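Structure record follows, encoded as structure tokens.
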Amino acid sequence: MGEKILVVDDEQEITDLVALYLESENYTVYRCYKAQDALACIEREELDLAILDVMLPGMSGFELCQEIRKTHTYPVIMLTAKDAEIDKITGLTLGADDYITKPFRPLEMVARVKAQLRRYKKYNPASAGEEERFLFHSGICLNVSSHECTLNGKKLDLTPTEFEILKILCQRKGKVVSSEELFHEIWKDEYYQKSNNTITVHIRHLREKLGDTAERPKYIHTVWGVGYKIEN
């Protein structure tokens, strides 16, 4: 434990509640109630995860997420208003890895944080014996142990979720992987029809970074009504 987590919400009660639960799990928590303070923390500290409220005065959580993604790939979890589907899609499009709707149960929030940190932190040489250390496909190279991706020798800054999706598709090259399978593999959560939007947004973002398109795919192919695959 001991990972550093940034929590940003202008409602001090929420920020302090989230911090209390995370600190009880031995995480180091940086509390910010203003976007400007959060920007300073992002620049100053080597963070492992950020929790951002969408509605912040002066600068939105979306804009903060964009600032993080300019230089960092650690997980970002957005706090959104209840049933605000557009906020969820926007956050995922801008590089967020997960979202939690308000009001939320603190223990669920802690579980989501742990899941994201597991995905981000446990790519190391010690686990290389459990799975292939490198995955290759048409110029794509995934270093599973260091969690790095290159395309024709150029490094791609993928979020943990984007990396995981690409890894799963490369591991199952030639086979169709459904949105439901991807959702279960990544979030270990119950799949709903709306979850398909989550996968779709991440796939679109991943394609953009790969210079790929759904209409003329070079890497990720859509099998309509079934899922996605990378051809052999």
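The values are calculated or read from the model by the stated rules, or taken from the named source; none is laboratory data. Please read these numbers as outputs of a predicted model, since none were measured by experiment. Note: ideal-geometry Cβ built from the backbone for every residue, glycine included; neighbour counts use all protein chains shown. Just so you know, the surface numbers come from the protein's heavy atoms only, side chains and all, with ligands and any DNA or RNA stripped out. Shrake-Rupley method; radii C 1.70, N 1.55, O 1.52, S 1.80 Å.
Net charge in the neighbourhood of E215 (other residues with Cβ under 14 Å of its Cβ; Lys, Arg +1, Asp, Glu -1) is +2. Summing charges over all other residues whose Cβ lies under 14 Å from the Cβ of I42, with Lys and Arg as +1 and Asp and Glu as -1, gives -1.
Ranking H184, H72, H205 by solvent-accessible area of protein heavy atoms (1.4 Å probe, all protein chains present), from largest to smallest, gives H184, H72, H205.
Screening the chain for whole DSSP H helices with an alpha carbon extent of at least 20 angstrom along the helix axis and a mean Kyte-Doolittle hydropathy of at least -1.0 yields 106-121, 195-210. Heavy-atom surface analysis with a 1.4 Å probe gives the chain a carbon and sulfur content of 49 percent of its accessible area.
For the chain, give me the percentage of DSSP beta bridges that are antiparallel, rounded to the nearest 5 percent. Within the chain, antiparallel bridges account for around 50 percent of the total. Between the amide H of Y99 and those of M78, distances stay under 5 Å, these residues lying 5 or more places away or on another chain, with hydrogens modeled in the peptide plane. Among the GluC sites (Glu not before Pro) in region 24-79, those placed in a DSSP loop whose Cβ has at most 10 other Cβ atoms within 10 Å are E46. 3J(HN,Hα) along region 138-145: 6, x, 7, 10, 9, 8, 5, 6 Hz, from the Karplus curve 6.51 cos²θ - 1.76 cosθ + 1.60 with θ = phi - 60°, whole Hz, x for Gly and Pro. In the full protein context, the chain carries 50 Å² of accessible surface per residue, based on a 1.4 Å probe and ignoring ligands, DNA and RNA. Per-residue extension of 0.36 nm, minus the Cα-Cα distance of E148 and A111, leaves a gain of 10.8 nm for this segment.
Farthest towards the positive end of the charge dipole of the chain, among the residues A81, G174, H184, is the Cα of G174, using unit charges on the Cβ of Lys, Arg, Asp and Glu. In the chain the longest region clear of chymotrypsin sites (Phe, Trp or Tyr not before Pro) that are loop-assigned by DSSP and have at most 13 other C-beta atoms within 10 Å covers 1-191. A full extension of the chain between F134 and V223 corresponds to an added length of 29.5 nm, given 0.36 nm per residue minus the alpha carbon distance. Think of it as helices only: each DSSP H run of n ≥ 4 in the chain is worth -39500 (n - 2.57), and spread over all residues that comes to -12500 deg cm²/dmol at 222 nm.
Taking amide H as placed 1.01 Å from N in the peptide plane, L6 has its amide H under 5 Å from the amide H of Y30, D48, L49, A50, I51, each at least 5 places away in sequence or on another chain. In the assembled protein chains, K102 presents an accessible area of approximately 40 Å² (probe radius 1.4 Å).
In plain terms, the chain from M55 to N232 could stretch by 59.3 nm, reckoned as 0.36 nm per residue minus the Cα-Cα distance. When +1 charges are put on Lys and Arg Cβ atoms and -1 charges on Asp and Glu Cβ atoms, the dipole computed for the chain relative to its Cα centre reaches about 940 debye.
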